[in-house]
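Notes follow the structure.
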Amino acid sequence: MSALVNITNWIIEPLQYGFLVKAIWVSAFVGLVCAVLSCYITLKGWSLMGDAVSHAVVPGVVVAYALNIPFAIGAFMFGFGATVAIGYVKSATRLKEDAVIGVVFTGFFAFGLVLVTKIPSNIDLFHILFGNVLGISQSDIIQTLIAGTLTLIIILLRRKDLLLFCFDPNHAKAIGLNTQTMYYTLLSVLALTIVAALQTAGIILVIAMLITPGAIAYLLTDRFDHMLWISSASSIFSCIMGTYLSYHLDISTGGSIVVLLSLIFVVTMFCAPKYGVLTKRIVKPDMPESIS
């Protein structure tokens, strides 16, 4: 009985503070948006692209604060601009995509660091890198909701086309889909998602929120609709529980969210019923890896 009371107090106590309630539901919303896109990113193999876009938004955030406009506008413009630059350099040179991504995103990130040191502002670089969901302002919440909602609407409207583009772009092109449009649509929602998650996890940790939920789900199922549910559940659980742990243990909120996600991934990697490391060693079935 006393254990039940302690658990109830553990859950209820943080809800007395308005800023924690906001942090919990904003984190859960961002976790949902990241989890949905994570499934497409995982299938497409765009983990490095997510890394690139997240770093490329830094100069946009600084410019937005300097011009006194919403940070989401600057972050999206520079994030999407980086993807266009990657596409141009790749098509205009003989370099492979991973080299182009490495050159472009480090250039954008370094430019952001230069702007932070030269433009007078109250921007906290630590908050840009690692997020500050506990201190999120009302205007930042509105920007997060707009960016996240737009992402979900675009994915919902083009979900089948995006799935085919991610899974088999050659087949998508053969049946008449404009793969170039799909390419930039996916990059646009990637930039929007990073803007939505900027305040919650920062540009460093948002990479984990964009990759890990999809990776967890990919190890647990072959069906894409199931993958979406599993990815969303693991991400939202980690966001809510991570925020609780950050309050009770006095630790970084973004860090605790990502650590929880990573722990879930490790458990899944070893214990997944079909594709887990332990399962393969014990059963050793001949299993095709496909998403339907």
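The values are calculated or read from the model by the stated rules, or taken from the named source; none is laboratory data. Just so you know, these numbers come straight off a predicted model, no measurement behind them. Positions of Cβ are backbone-derived with ideal geometry, glycine not excepted, and every protein chain shown enters the neighbour counts. Areas reflect the complete protein model, heavy atoms only, side chains present, ligands, DNA and RNA absent. Shrake-Rupley method; radii C 1.70, N 1.55, O 1.52, S 1.80 Å.
For segment 71-88, enumerate the residues that are buried (at least 18 other Cβ atoms within 10 Å of the Cβ) and either farther than 15 Å from Phe111 by Cα or of a type in the set (Asp, Glu) (or both). Selection gives Phe71, Ala72, Phe76, Phe80, Thr83, Ile86.
Residues are listed down the side, and each one gets a yes or a no for (1) more than 30 Å from Trp25 (Cβ to Cβ); (2) outside any loop (DSSP other than H, G, I, E, B); (3) open to solvent by 60 Å² or more (accessible area, probe 1.4 Å):
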residue	(1), (2), (3)
Leu164	yes, yes, no
Gly176	yes, no, yes
Leu186	no, yes, no
Val189	no, yes, no
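Tell me yes or no: at least one residue of segment 270-283 is more than 24 Å from Arg159 (Cα to Cα), aromatic (Phe, Trp, Tyr) and either modelled with pLDDT of 90 or more or buried (at least 20 other Cβ atoms within 10 Å of the Cβ) (or both). The answer is yes; a qualifying residue exists.
Being in contact with an Asp or Glu (Cβ under 9 Å, 6 or more places away or on another chain), among the hydrophobic types (A, V, I, L, M, F, W, C) and not in a helix (DSSP H, G or I) is a description that does not apply to Leu198.
Considering segment 169-185 alone, what residues qualify as being within 22 Å of the chain's Cα centre (by Cα) and without any contact (Cβ under 8 Å) to a residue 24 or more places away in the chain? Spell out the reasoning first.
Pass one, segment 169-185, residues within 22 Å of the chain's Cα centre (by Cα): 181-185.
Answer for segment 169-185, where residues must be within 22 Å of the chain's Cα centre (by Cα) and without any contact (Cβ under 8 Å) to a residue 24 or more places away in the chain: just Thr181.
When residues in segment 78-100 are screened for being farther than 21 Å from Val58 by Cβ and of a type in the set (Ser, Thr, Tyr), 2 of them pass. Scanning segment 9-52 for residues that are of a type in the set (S, T, N, Q) and modelled with pLDDT of 85 or more turns up Gln16, Ser27, Ser38, Thr42.
In the set Ala215, Ala196, Ala208, only one residue is at pLDDT below 85, open to solvent by less than 50 Å² (accessible area, probe 1.4 Å) and among the small types (Gly, Ala, Ser); that residue is Ala196. For segment 218-252, a residue qualifies if it is of a type in the set (Asp, Glu) and closer than 22 Å to Ala272 by Cβ, and the qualifying residues are Asp222, Asp225. The lone criterion from (1) within 20 Å of Leu198 (Cβ to Cβ); (2) surrounded by fewer than 19 Cβ atoms within 10 Å (Cβ to Cβ); (3) polar (S, T, N, Q) left unmet by Ser91 is number (1).
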